[in-house]
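FYI, it's all coordinate maths here, none of it is from the lab. Being a predicted model, the structure only gives us computed values, none of them experimental. Methodologically, a virtual Cβ is constructed for each residue, glycine included, from the backbone with ideal geometry; neighbour enumeration extends over all protein chains shown.
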Amino acid sequence: MKQGIGIIDSGVGGLTVAKEVLRQLPREDIVYFGDTARCPYGPRPSEEVRTFSLQMIDFLLKENIKALVIGCNTAAAVVLAEVTAKLDIPVVGVIEPGARTAIKETKSGQIAVIGTQGTIRSGAYEKALKKLNPKIEVTSLACPSLVPLVESGQLHDPEGMEIVREALLPLLKQRFDTLILGCTHYPLIAHFIQEAVGPDVRLISSAEEAARELSAVLSYRQMLANGGDVIHTTHHFYTSGDRALFASIAEEWLGIKVGAVQVALNE
């Protein structure tokens, strides 16, 4: 059996990573777990986020994955170092790849970061950015209303635009030319975010950058799936919550048929 790429997320946000993996690595199988029943992770205590993340990872390890992407920024801030040290497969987070690209893209040296309360509270992006360039000015904003907006599936509703505009209001008084979408849910509403901040601000998707890093790591380790002209893939999607809602969001975003399976993780 071909080994797949494991992706975990607090809900549907990691689908933005999955979409990039499908695009960049079309021969790879994906095994995805979205913990929609317990989403959002942002307001939760770190120990709870750690417990939930390790439950998902344990589940995916039984599915014989060859690499793991922690597609949730909140989870990555809490467990990435621990999981990387513990597992003997490549583990990729979303924070450092996003930070590296933001440093590359900014012209003014002024970078803004939006994320969940947990991610912003951890200071993970600010630390990653300052480690690369101590002179970078970082403005961070927690946007707790955005993950529930995405999870509800209101990706094109006018009310969605109003929720985004209100969430980003404190940021609009600041100066920055680059905005890190520090939550993998956010690319699903990037059209709203871009409209709110204006066309001159460059949006950085941590999800896209994580998929690029995964591609580089697998290539370097000679772990990429290979084959002839015909591509055969089998993807598996698991969710702890509403299977139909998850599948509808996943199918719209990924453009493929998604047969989601509901799985209850141990509380």
| Dividing the convex hull volume of the Cα atoms of the stretch 45-145 by its residue count, what figure in Å³ per residue is obtained? | 109
| task | Pull up all non-local amide H partners of residue 7: gap of 5 or more, or a different chain, and H-to-H distance under 5 Å with H placed in the peptide plane. | result | 31, 32, 33, 69
| note | Expected vector for the stretch 118-128, Karplus 3J(HN,Hα) from phi with 6.51, -1.76, 1.60 and θ = phi - 60°, integer Hz, x for Gly and Pro, equals x, 5, 5, 4, 5, x, 4, 5, 4, 4, 5
| query | Helix 243-254 versus the longest principal axis of the chain: what angle, 0 to 90°, nearest 10, using Cα atoms? | reply | 70
| query | Normalised by the number of residues in the stretch 47-200, what is the relative contact order in percent for Cα pairs under 8 Å and 6+ residues apart? | reply | 25
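Report Rg/Rh for the stretch 96-155, rounded to two decimals, where Rg is the Cα radius of gyration and Rh the Kirkwood radius.
Values: Rg = 12.9 Å, Rh = 12.4 Å.
For the stretch 96-155, the value is 1.04.
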| request: Once you have all Cα-Cα distances for the chain, histogram them in 10 Å bins from zero and send the whole-percent values. | output: 7, 32, 37, 19, 4, 0
| query | What residues have an amide H closer than 5 Å to that of residue 113, excluding those fewer than 5 places away on the same chain, when H is modeled at 1.01 Å from N in the peptide plane? | reply | 139, 140, 141, 180
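Classify the stretch 200-267: rounded, prolate or oblate, from the alpha-carbon gyration tensor (a ≥ b ≥ c, eigenvalue square roots; a/c under 1.5 rounded; otherwise prolate if a/b is larger than b/c)?
Oblate is the answer for the stretch 200-267, as a/c is 1.5 or above yet b/c matches or exceeds a/b.
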| Straight-line reach from residue 107: which lysines have Cα under 26 Å away, leaving out those fewer than 8 places along the same chain? | 127, 130, 131, 135, 173
| said: Give me the one-decimal nm value for the distance between modelled label points at residue 257 and residue 190, 7 Å along each residue's Cα-to-Cβ direction. | reply: 2.8
| note | P(r) of the stretch 148-267 over all Cα-Cα pairs, 5 Å bins starting at 0, rounded to whole percent, reads 2, 9, 14, 16, 17, 15, 13, 9, 5, 1, 0
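Among the trypsin sites (Lys or Arg not before Pro) in the stretch 85-143, which ones are in a DSSP loop with at most 14 other Cβ atoms within 10 Å of the Cβ? Mind listing them?
On the way: sites: 86, 100, 104, 107, 121, 127, 130, 131, 135; in loops: 107, 135.
Within the stretch 85-143, the qualifying trypsin sites (Lys or Arg not before Pro) (loop, at most 14 other Cβ atoms within 10 Å) are 107, 135.
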| task | Work the Kirkwood hydrodynamic radius out for the stretch 85-191: mean of 1/r over every pair of different alpha-carbon atoms, inverted, in Å. | result | 14.7
| message | I'd like the distance between the alpha-carbon centres of the stretch 189-267 and the stretch 5-66, rounded to an integer number of Å. | response | 9
| field | Computed over the chain: relative contact order in percent, which uses C-alpha pairs under 8 Å that are six or more apart | value | 27
| Between 106, 59, 74, whose Cα lies farthest towards the positive end of the dipole of the stretch 1-159 when Lys and Arg beta carbons carry +1 and Asp and Glu beta carbons carry -1, centred on the Cα centre? | 106
| query | How large is the dipole of the stretch 95-206 about the Cα centre if only Lys and Arg carry +1 and Asp and Glu carry -1, each at its Cβ, rounded to the nearest 20 debye? | reply | 700
